[in-house]
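See structure below.
Readers should treat all values here as calculations from the given coordinates under stated rules, not as data from a laboratory. Worth saying up front: this structure is predicted, and the values here are computed from it rather than measured. Heads up, the Cβs are rebuilt from the backbone with ideal geometry, glycines too, and the neighbour counts pull from every protein chain shown.
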Amino acid sequence: MLEKPSSRVGADEFVLSSPAQVSFLHILEFLKQYAIEESVLSHLMTVIEEQDDIERILTYFERLTSQPRSERLWFYLSQNLRVIEILTVLFSRSQFLSEILLRNPDLIFRLPSYRRMARPKSVEQFYSEAFAWLKENKEESLQWMNDLRRYQSAELLRIGICDLLDLYDLPAVTRQLSALADALIRLSLHLICENLNVPPEALTVIALGKLGGGELNYSSDIDLLFLTDSGDLERLQHVGERLIDVLSRVTEEGFLYRVDMRLRPWGRVGPLVSTIDGYLSYLKNHARPWEKQALLKARVISGSPQVKQKFIDGIHQTIFSHGVDEVRASVFAMKQRTEAVLKQKDQLWGEVKLGEGSVRDVEFTLQFLQLAYGPDEPEILTGNTLEGLVRLAALALIDPDEYRILSEGYIFLRTVEHYLQMMHYRQTHSLPNHPEALRKLARRLGYDGKNPEQVFLDRYEQHRKAIRAVFLKYVGNGHMSANSPVNSAQAENNGEQGEVTQHLNRMTVSYRETYTEAQIAQHARLARLLNEKIPCRVEAHPLEGNLWQVTIVALDVPGLFSIITGLLFVHGWNILSGDAFTYEALKNSAVMPSARDPRRKIVDVFIVQPVDYHKVDSSAWDEFSADLTTCLIQMRSGERREVMGDLTQRVAKCVRKPESLVQAPPLYPLEIVVDNDSSEHLTLLHIQSQDTVGFLYELTNALAITGIYIDRVRIETVNQRVRDVLYVTDLNGNKITSEEKLRELRTATVLIKHFTHLLPFSPNPENALLHFRDFMDQLLRRPNWTDEVASVERPEVLQALAQVLGVSDFLWEDFLRIQYTNLFPVVTDVQALGSVKSREKLQEEIGGILDELHHGAQAPDENAPWIEALNAWRDREMFRIDMRHILGHTKEFWDFASELTDLAEVVTNVTFHLCHEDLRSVYGTPLLDDGRICQMSVLGLGKFGGRELGFASDIELMFVYEGNGQTTGPKVISSAEFYEKLVEYFVKAMRSRREGIFEVDLRLRPYGKAGNLAVSLDAFRRYFSPSGPAWAYERQALVKMRPVAGDERLGETICRMRDEFIYRGEGFDVTAMRAMRERQIRHLVKGGTFNLKYSQGGLVDIEYLVQGLQMRYGAQYLEVRQTNTRDAMVALRKVGVISEEEYTRLRKAHTFLRWCIDSLRMVRGNARDVTLPLDGTEEYEFLAQRMRYGDDPQKLRKEVQRYSEDVRELNHRLLGGTP
């Protein structure tokens, strides 16, 4: 029952269609008529908000009011709210199963015992139960067939409910459906043979297809083959005909199975029953390759043991009689024929069984590999698809990624197929075309949000494409022809008349003084050849002493000089001297120079030397020219930021050396003298400093970032000292004359230049540089920026900033940038970041802050100053803990998690006690019925309960109070209402700056969103007790529950109660756990990718494995009752539940995956997306670099595969079930 009475329910409280409103009012009147608590309807309406097609759900519930003894049924529902949820799921997802239930409403009373319902049945158990359903007259009759159909319907309902409620995973569903079919076929054959006086073993029945593989659908055909060693073929022909009739005839109770006999010799025209010798002869002499392929799934389900053995021996000698190439061609051709038919019917897309990237692609990939390797590796021969994939992966015949793609894709597609068929029990395999029908399917599959159908389609396409790629790799007998690269034609000459004159007209006088006539003519010729397709020309000539003179003429864009110097550095060249000139604006043009003005060109001439002094030839300049051309085309297409970011990364990689990670290089003083007198239109910057690797790039990059346009450059290096002169303007082409702007220019240039020098020590140099520019913008806006610059200039501060600002865009945009006021004092006080704050210190700090704002009880107000102050302090402390982790002060993730958990506990305690105090000022103290104070305990679960909080963790809580009573006033309410209000106030007070970061999550309370926020101790006991309605995953979640605030005594009582409920020495429900994992993968893992948390072998598999072992052995070994995953691993090893070898593998995998997830958060734009980046992407390179795989990025992928395989194998070994 509900914990507190609800107000009376009215139809106007809900937005309903007219038919749904009629059903609602009918149910409401019925409840009033029989004085049944109306809150049951309120609970129903809360639950159906989560479902699709409310109208159909209410119609079915309305029909329950017209059942015999319906008032008894509805009173039962009012006392068993979980049954309402089960019925809601059933009514929304399967009309076929709903009708079965409504024909047998007494089955509703069995629904609370769903754990007993979920116990799998063997073929023998199905057989004996079905036999018991038959009436006393066992002679073949319509009544006899209807009895079998009624039994089948009841079992389909049981299996379907277990499927819809995630009590069964896909293998469990298909095994149960197949075992049911086996039993009904055997029983039907037995009764037919008994009536015809024929020995049942005379006819051997062989299952093929999905039934043969033990993977039957809800509405599958069953493929059968009849063999015998008896000579009485005519009589057995009659037995076979009768068996097909009993199975497939449609009566008022429906049919059992559609029977497909086309796999017998000669197909439809062949005899129904063949002798075993005749069949093997046909197989050897006449069977086509696809007929032999079908026998990979053959399984004898009834008949003579002699025939069975002869059949097995015979087919193994025959099905491997073709060469690998012939088998591949046959399998591929068969798939192509199927797809051609679908294409002709315009049904190729959305065909989950037969289309491209479908179930059939997975099956055919497996079967081809079985036919190819089966003779040498007989252990891979199994008719079950998922089991076959496991065996292929175990023998390394497919790699771990391919196993994951095929198995996860197969489960996804088969689940979709089941949901398509389950609604109306129709043999359909195609996604609906109508948008509304597609949306409803997506909702039934559990996708929600604004566009569930699009999320579902995205998943479908991801899986389909990934499966197809693997299928084509192994089975495809052709390759897509790649497009040949198109060579761009060289631009034709536009004439040479006056080219030198036109060129000189655009240059300053100093240009003519710098170069000879021959050089100027060369520059003019190169400039004339420029166009949008070829925006630059590069010519290089060797000089004595391993020096080169390189001339670069190009169409200008802002920041180009920085790009050129950076590329020269990346290609291994050190600039010793040089000059750079830029076209002036046309004398007769009023148009200002712009980034895309093709009339503005640059001429740069440098003397360069290889950085490592090795000999090079002219081909090196071809590579440089191609690289520069690509960059220019991108920049002129609006991708300037991307080009500069990519170059930053490349420069950083060139500078980075393994040994250089230990200590940052020195930062030499940089002198900038501003000269505004020597030129009428340009500002001169005289630069002097110690020459360092990449100096010119660092300097010009700093100017580009600060919005300075470089018009001309003169480069000179003497005795390792730089003496450069840069002629610059602002981006509008004007001199820089404002003293304030010049001061900012000096400061920003020095800081950015120094910061660029430290970029190799940043986890993401590109992001660090871009974020540093934002940092500088905000710094220069501060009123006292000149004073604060002194602290920023310190090398250790700049190095810390390189670490902090080099994190992901997510951290910068959603955290660091908006925390700027926190960032500056935290990072500049580098020394303070080196120490951890204890929980006591945190408590002392927040206490001092709140003492001034919350002197005593005050009226509850979600905008109260103390709430604002508490959340601001929490954000600062969380930021400081993050900064410690980013800067490497918390080397291990566990230390970081511990600091976050301490902070969460302090904030939870303070918020709870102050909310409690404020509410008491209005309602008084909550009491129990006996007058004692009614206490409450706040319990942490999930990552919070396990002290394993990460960057993007929720704060999962449950609030439990002792019992009901009343408050002391002045305003008197029930104690239940008081604590409900307290939790509401608490949630509003614990504001989250961003969804998912320190956000309160109460979904693990009894009945989830439909339940009360505050839970009474009695409700906790009734819900989670062994006979209570809690789902298996909810009980499992209690493993990590621990008190974090409130009354300690009550918290201890709840934990003792928890121990009694979940540590009972009973078997852990592995099947339900695997069903939940399937759902997680379906919803949270992108097809064809590896999700470090949710994919098979991911972090969740480790956590669930450990929790399963704790629940299985917790009654025997009290030591394993730990809330922390790693503590639990240690305890399981100490008591001998897992071996030293298993512990080591599990611990290493856990460490690696946590490290990987932690690192990924630094380099990705979404802290909740823990999908491993694709090889070759920038994200993947960043991740590999952060995890110290920079020299061998592919090793990271191999490590992920290795550890995930370890987790999957250990999961299977220690828990059992499908790995």
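Determine the shape class of region 1070-1215: with a ≥ b ≥ c the square roots of the Cα gyration tensor eigenvalues, call it rounded for a/c under 1.5, and otherwise prolate if a/b is greater than b/c, oblate otherwise. Note, shape of region 1070-1215 comes out prolate. What does the C-alpha gyration tensor say about the overall shape of region 837-1062? Classify as rounded when a/c is under 1.5, otherwise prolate if a/b is larger than b/c, or oblate. Verdict is oblate for region 837-1062.
Evaluated with a Cβ-only charge set (Lys, Arg +1; Asp, Glu -1), region 1070-1215 carries a dipole of roughly 400 debye about its Cα centre, given to the nearest 20. Working from label points 7 Å from Cα in the Cα-to-Cβ sense, the THR737 to ASP245 distance is 11.0 nm.
Give the residue list of trypsin sites (Lys or Arg not before Pro) in region 1007-1067 that are DSSP loop and have at most 16 other beta-carbon atoms within 10 angstrom. All intermediate terms of the calculation are to be shown ahead of the outcome.
Values: sites: LYS1009, ARG1021, ARG1022, ARG1035, LYS1040, ARG1049, ARG1056, ARG1058, ARG1064; in loops: ARG1064.
Hits after loop and neighbour filter: ARG1064.
A straight chain from SER430 to LEU395 at 0.36 nm per residue would run longer than the Cα-Cα distance by 9.2 nm. Seen from ASP106, the other residues with C-beta closer than 11 Å to its C-beta sum to a net charge of +4, counting Lys and Arg as +1 and Asp and Glu as -1.
With +1 on each Lys and Arg Cβ and -1 on each Asp and Glu Cβ, how big is the dipole of the chain about its Cα centre, in debye rounded to the nearest 20?
For the chain, the charge dipole is close to 2240 debye.
Going by neighbour counts of Cβ atoms within 10 Å, the residues ILE736, ILE1157 line up, fewest first, as ILE736, ILE1157.
Tilt of helix 400-424 relative to the longest C-alpha principal axis of the chain, in degrees (0 to 90, nearest 10)? The helix 400-424 is inclined about 50 degrees to the chain.
Note on the chain: antiparallel DSSP beta bridges, both residues inside, total approximately 85 percent of the bridges counted.
Loop-resident chymotrypsin sites (Phe, Trp or Tyr not before Pro) (DSSP state other than H, G, I, E or B) in region 200-292 with no more than 14 further Cβ atoms inside 10 Å of their Cβ: TRP266. By the beta-carbon count within 10 Å of each Cβ, the least crowded to most crowded order of TYR961, TYR1117, TYR34, fewest first, is TYR34, TYR1117, TYR961. Remark on GLY303: its backbone amide H falls under 5 Å from those of VAL205, a criterion applied only to residues 5 or more positions apart or on other chains, H modelled at 1.01 Å from N.
For Rg/Rh (Cα atoms, Kirkwood Rh), several values are listed as [x] 1.04; [y] 1.13; [z] 0.98; flag the one computed from this structure. From the options [x] 1.04; [y] 1.13; [z] 0.98, the structure gives [x]. Bridges between two residues of region 837-1062, per DSSP, are antiparallel at a rate of about 70%.
Taking Cα atoms only, the orientation of helix 865-886 departs from the longest principal axis of the chain by about 80 degrees.
In order along region 1182-1189, the Karplus-derived 3J(HN,Hα) couplings, from 6.51 cos²θ - 1.76 cosθ + 1.60 at θ = phi - 60°, round to 4, 4, 4, 5, 5, 8, 6, 10 Hz, and Gly and Pro are given as x.
Normalised by the residues of the chain, what does the relative contact order come to in percent, with Cα pairs under 8 Å and at least six apart? Once normalised by length, the contact order is 7 percent. For the chain, the longest principal axis of the C-alpha atoms and the axis of helix 359-373 are separated by about 90°. Add -39500 (n - 2.57) for each DSSP H run of 4 or more in the chain, then divide by its residues: what number comes out at 222 nm, to the nearest 500 deg cm²/dmol? Roughly -17000 deg cm²/dmol at 222 nm, from the helical runs in the chain. Beyond 21 Å in Cα-Cα separation lie the following of the pairs LYS943/LYS1086; LYS450/LYS943; LYS615/LYS1195; LYS837/LYS1093; LYS1093/LYS1195; LYS837/LYS891: LYS943/LYS1086; LYS450/LYS943; LYS615/LYS1195; LYS837/LYS1093.
Once the Cβ-Cβ distance of ILE312 and ARG262 is raised to the sixth power relative to R0 = 22 Å, the FRET efficiency obtained is 0.50.
Among the trypsin sites (Lys or Arg not before Pro) in region 378-433, those placed in a DSSP loop whose Cβ has at most 14 other Cβ atoms within 10 Å are ARG426.
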